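Worksheet: the structure to be examined is printed underneath.
What follows is calculated from the coordinates using simple rules that are stated; it is not laboratory data. Only a predicted model underlies this, so the values are computations on that prediction, with no experimental measurement involved. Ideal geometry is used to build each Cβ from the backbone, glycine not excepted, and the neighbour counts take in all protein chains shown.
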Amino acid sequence: MTQAATGRHLPLAGFFFVATIARAVLLSILPLKALALLGSAQHVSVLFFTVSMFGIGISLGVYSILRHVSLYAGFLVSLLVMTVSIFLLSAESLFAFSLGMVFHIFGITAMEVILNLYVMQRVPRGQLSQFEPWRMIAAVAALSIGPWLGVYLQTSYGAWVPFVVALFGSVMTLIYFRGLGLHHLDIRRHPVGSNLIKNIKRFLDQPRLRLAWILTLARSGWWQLFIIYTPIYAVHTGLGELWGSAIVSIGSAWTLTVPFWGWIARRYSLRLLMRTGFVMTSLATTAVFAFAGSPSLAVTLLILAALGATMLDGSGHVLFLRAVRPRERTEMAGVYQTYRDTANLAVPGIFAVLLKFFSLPVVFAGGAVWMMAAGVTSRHIPKRM
C-alpha cells in the first residue's frame, strides 16, 4: 500500500477502534457476571453455548436481509440491537441477562458481516493484505484497553459505569460512521442466487474458502477460550477479577504487533507464519494446563500463548479475501462469518460437557489440541502465500 493509500485508509481502520470499544468494556464483565449469576464455570459454558446458537443463523441470514434493505439500514439495526442489549445486560435478572446476551450476539454478528462488506467495497482488492493488519490493530487496541477498564470502572465506581461507557461508544460509532461518509456507500448487487443452502454448498465447494474458514475458526476459538475462561480462572485461583481482566487486556495488547506480523507474512511467507503461530499457541497453552496449579506461572504462559495467537491475527481475513470471487462477496461473506458464531457455540459447548467431569484447567488442554490440529491443517495454505 502506498503512503497515499495508507493515509486514505487509516481513518477507516480507526473506525474499528471506536466500533470495538463499545463492546470491549464489557468483554470481561460478561463472563464474570454470568459466573456470579450461575455459580460455576460449567453453567457459564451452558449459557454461552445456548445464546450462541442464535449467532449462526444470524450470520447466514444477514446477507439475505441486505438484499431487501440498504446496507446503512442494516448497520443502524445492528447498532440499535447492540444498544438494547447493553440495557438488558446491566440488569440483575438472569432472564434479562440471557436475553441481553442473545441481542448482543445478534448485534455483533450482523455488524461484523456488514462492516466486512463495507471494507470489501471501500478498499481495493490489491490493498487488502496491507489494510487488514491496520484494521486488526485498531480493533484489538480497543480490546487491549476495554476488558481491564470495564472491570476497573465496575469495582471502583459502580456496576453501572461500564454500561454507560458502552452506550457512549455506540453513539460515537454512529457519529464516526457518518463522518466517514459510509452511509452513502452501498454494495454492488449481483444476480447471484439468494438460496441459503446453495450459498453454503458453493462455499464448501471451494477448497480455499473452506481452508480459510477452518483456520479462522481455530484462531477465533482460542480467543473465545481466552476471553471467557481467563477471568474465571483468575477468580477460581484467588487472583481476583481485576487481575483476570488485566490478563485479558495484556494478552490482547500483543495485537499491537500485528503490523509487524503482517510485514513478516508479506516479506517471507503467510503459510510459515500461520504454522508457527498455531504451534506456538498450542505448546504454550499445553504448558498452562500443566502448570495450572501455579497461577502466576500459568498466567505468564497464557500471555505467551496470546502472542502466538496474535501472530495468526497478522493475517487478518486475507485468506478469505484473496479467495472469494468478487461477484460472490456478499453471499460468501455471510457464510464465512459463521466462523465466529461457530467458535462462540463450539467452545462453551465442548467445555460445558468436559467441565461436568473435569476441573477448569481442562479448557486449556482442549485449546492446545485444536490449535495443534490447525497447525497441521495450515500446510494446505498455498506455498506462494
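What net charge do the residues around ILE264 carry, taking every other residue with its C-beta under 13 Å from that of ILE264, with Lys and Arg at +1 and Asp and Glu at -1? Present the calculation step by step, with values, prior to reporting the outcome.
Details: positive: ARG266, ARG267, ARG271, ARG275; negative: ASP313.
Result for the neighbourhood of ILE264: +3.
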Under the 0.36 nm per residue contour assumption, what length would be gained going from the current alpha-carbon distance of LYS356 and LEU297 to full extension?
18.7 nm
Within straight-line cross-link reach of LYS198, aspartates and glutamates at Cα separation under 17 Å, skipping those fewer than 8 residues along the same chain
GLU328, GLU331
Tell me the mean residue ellipticity at 222 nm calculated for the chain from its helices only (DSSP H runs of n ≥ 4, each -39500 (n - 2.57), averaged over every residue, nearest 500).
-27000 deg cm²/dmol
Largest fluctuation, SER93, SER245, SER78 only, Gaussian network model of the chain with Cα springs under 10 angstrom, belongs to SER93
Rounded, prolate or oblate: which fits region 225-347 when a ≥ b ≥ c are the square roots of the eigenvalues of the alpha-carbon gyration tensor, with rounded for a/c under 1.5 and prolate only if a/b beats b/c?
prolate
For LYS33, give me every one of the aspartates and glutamates with a C-alpha distance below 14 angstrom, ignoring sequence neighbours fewer than eight places off in its own chain.
GLU92, GLU241
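Could you tell me whether region 233-295 comes out rounded, prolate or oblate from its Cα gyration tensor? Rule is a ≥ b ≥ c as square roots of the eigenvalues, rounded for a/c under 1.5, then prolate if a/b exceeds b/c, otherwise oblate. Could the numbers behind the result be given before it?
On the way: a/c = 5.73, a/b = 1.87, b/c = 3.07.
It comes out oblate by the Cα gyration axes.
What relative contact order, as a whole-number percentage, does the chain give when Cα pairs under 8 Å and 6 or more residues apart are counted? Each step should come with its number before you reach the end.
Numbers: 589 pairs, mean separation 109.2, N = 385.
RCO, the chain: 28 percent.
Note the full-extension length gain between ASP205 and VAL171 as 0.36 nm times their separation in residues minus their Cα-Cα distance, in nm to one decimal. Mind dumping the intermediate values first?
Values: separation 34, 0.36 × 34 = 12.24 nm, distance 4.08 nm.
Computed gain between ASP205 and VAL171 is 8.2 nm.
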Given springs between every Cα pair under 10 Å in a Gaussian network model of the chain, which of VAL18, VAL69, VAL235 has the largest fluctuation?
VAL69
Need the C-alpha centroid separation for region 350-385 versus region 263-329, integer Å.
12 Å
